[in-house]
Amino acid sequence: MLKNFNNIYISGQLCGVEGYVESAASGLMAAINVYMRISGRQQIDFTTQTVMGALANYITAENKNFQPMNANFGILKPLDVKIKDKLQRNALFAQRSLNKIKELRCDI
Ligand SMILES: Cc1cc2nc3c(=O)[nH]c(=O)nc-3n(C[C@H](O)[C@H](O)[C@H](O)COP(=O)(O)OP(=O)(O)OC[C@H]3O[C@@H](n4cnc5c(N)ncnc54)[C@H](O)[C@@H]3O)c2cc1C
């Protein structure tokens, strides 16, 4: 029901993330978007290319078997290329995410 009120921001375990870092990150995301709202600017979509955005996507998507979620590579948007080596794959996920964050920082 709260989804019907786009001016209410929830973070931490109340919103469905699990863990210290995840709770702090969701608080940061909420704070940034409250700031954007009160300064009359467009909300920031962290996108599923960043873990913060992917967590936001996970907790807001319909899910009949919802479980609180930690930060993990599995919730990120898949890469465009297939990379077998896990270390290499995760490094690419991280780089893509950092690039996205840099791009978003210009909007804040
Ligand atoms: C035993 C245990 C071990 C854990 N270990 C880990 C771990 O190792 N690593 C990890 O990442 N996560 C761990 N977690 C999960 C982690 O604690 C939570 O995901 C995280 O703390 C949630 O943060 P939060 O800010 O949403 O809530 P909380 O940290 O619970 O903060 C909520 C705050 O609100 C206050 N509060 C409540 N009601 C009111 C009120 N009416 N008025 C004013 N203040 C109020 C509370 O006192 C509290 O300080 C653990 C959890 C538990 C229970």
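Only the coordinates and a few stated rules stand behind these numbers; no lab work does. Everything quoted here is computed from the prediction, not taken from an experiment. Neighbour counts run over all protein chains shown; Cβ positions are idealised from the backbone, glycine included.
Rounded to the nearest 10 degrees, the angle from helix 20-38 to the longest Cα principal axis of the chain is 50 degrees. Restriction of the trypsin sites (Lys or Arg not before Pro) in the stretch 58-100 to DSSP coil positions whose beta-carbon has at most 16 other beta-carbons within 10 angstrom yields K64, K82, K84. In the chain, helices alone account for a calculated mean residue ellipticity at 222 nm of -15000 deg cm²/dmol, with every DSSP H run of four or more residues adding -39,500 (n - 2.57).
One quarter of the convex hull surface, Cα atoms only: what value does that give for the chain in nm²? Let's see the in-between values first.
Working: hull surface 30.9 nm².
So the mean shadow area of the Cα hull is 7.7 nm².
Total lysine pairs in the stretch 2-105 at Cα distances under 18 Å, for residues eight or more apart or on different chains: 4.
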